[in-house]
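Taking it in order: structure first as structure tokens, then the write-up.
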Ligand SMILES: CC(C)(COP(=O)(O)OP(=O)(O)OC[C@H]1O[C@@H](n2cnc3c(N)ncnc32)[C@H](O)[C@@H]1OP(=O)(O)O)[C@@H](O)C(=O)NCCC(=O)NCCS
């Protein structure tokens, strides 16, 4: 089974909508709106086409990941650029075969090449540490909502890239976070 990861193109939009919807269908802790979030983020200033990636097997789309621009704003009101990973989705019948992991690792590599130093996310505490994520609180990065500490995670794409970055994550308005 060869998994091909590539940048999403506009002809993929419908299939991405359906795969994100199906992947989250049976998930807890979600409003099942992730497919609409992707549509909104594509139209936003936070969107980076190179970080909207699909996974395909034999030309069938089986996975998707999106990293978009966010700011981490410190006490002096200085904004530090970072990325939010949301969403990541793999079709149920293709899960547990390393596709999610491959999407994450590839997205990190491209983000690094584009000059980004970090990624933050809200997600399953048992999954993302496999790829180097640690509690965001360890870096003194706070999320603008009340969720368990262990689900708020961050990764340095370069060692030390979050050393001088502390503060509150400011999401693009498309996330609907006040
Ligand atoms: C989360 C998701 C993207 C992972 O993709 P995947 O291709 O199945 O993951 P991989 O094959 O790379 O990794 C599988 C490993 O992650 C673990 N894993 C998968 N989903 C997990 C979860 N929700 N919580 C904890 N661990 C999880 C598996 O048990 C497996 O562990 P192992 O390597 O020890 O056997 C996929 O399960 C999915 O689309 N889920 C529904 C949507 C979702 O929840 N998205 C993430 C929102 S935070």
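The values are calculated or read from the model by the stated rules, or taken from the named source; none is laboratory data. For clarity, every value in this text was computed on a predicted model and none was experimentally measured. In this analysis, Cβ positions are derived from the backbone assuming ideal geometry, glycine residues included, and neighbour counts consider all displayed protein chains.
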**Prompt:** Can you tell me how many residues in the range 74-100 are buried (at least 17 other Cβ atoms within 10 Å of the Cβ) and more than 20 Å from residue 36 (Cβ to Cβ)?
**Reply:** 6
**Request:** Report the residue count in the range 130-172 for those that are under 16 Å from the mean Cα position of the chain (by Cα) and farther than 17 Å from residue 77 by Cα.
**Result:** 14
**Prompt:** Which of the residues belonging to the range 67-94 are more than 17 Å from residue 120 (Cβ to Cβ) and near the ligand (Cβ under 8 Å from one of its atoms)?
**Reply:** 89, 90, 91, 92, 94
**Message:** Looking at the range 6-25, I want the residues that are closer than 10 Å to residue 54 by Cα and modelled with pLDDT of 95 or more and have a partner that is assigned to a helix (DSSP H, G or I) and within 16 Å of the ligand (Cβ to nearest atom) with Cβ atoms under 8 Å, at least 6 apart or on another chain. Which pairs are those?
**Reply:** 8/16; 16/35; 16/38
**In the range 135-163, residue surrounded by the fewest Cβ atoms within 10 Å (Cβ to Cβ) [restricted to those that are in a strand (DSSP E or B) and within 16 Å of the ligand (Cβ to nearest atom)]** = 135
**Lone unmet requirement of (1) touching a strand residue (DSSP E or B) at 6+ places or on another chain (Cβ under 6 Å); (2) more than 12 Å from the ligand (Cβ to nearest atom) for residue 45** = (1)
**Asked** Among the residues of the range 26-42 satisfying the criterion of being near the ligand (Cβ under 10 Å from one of its atoms) and touching a residue at least 24 places away in the same chain (Cβ under 8 Å), which is nearest to residue 86 (Cα to Cα)?
**Response** 34
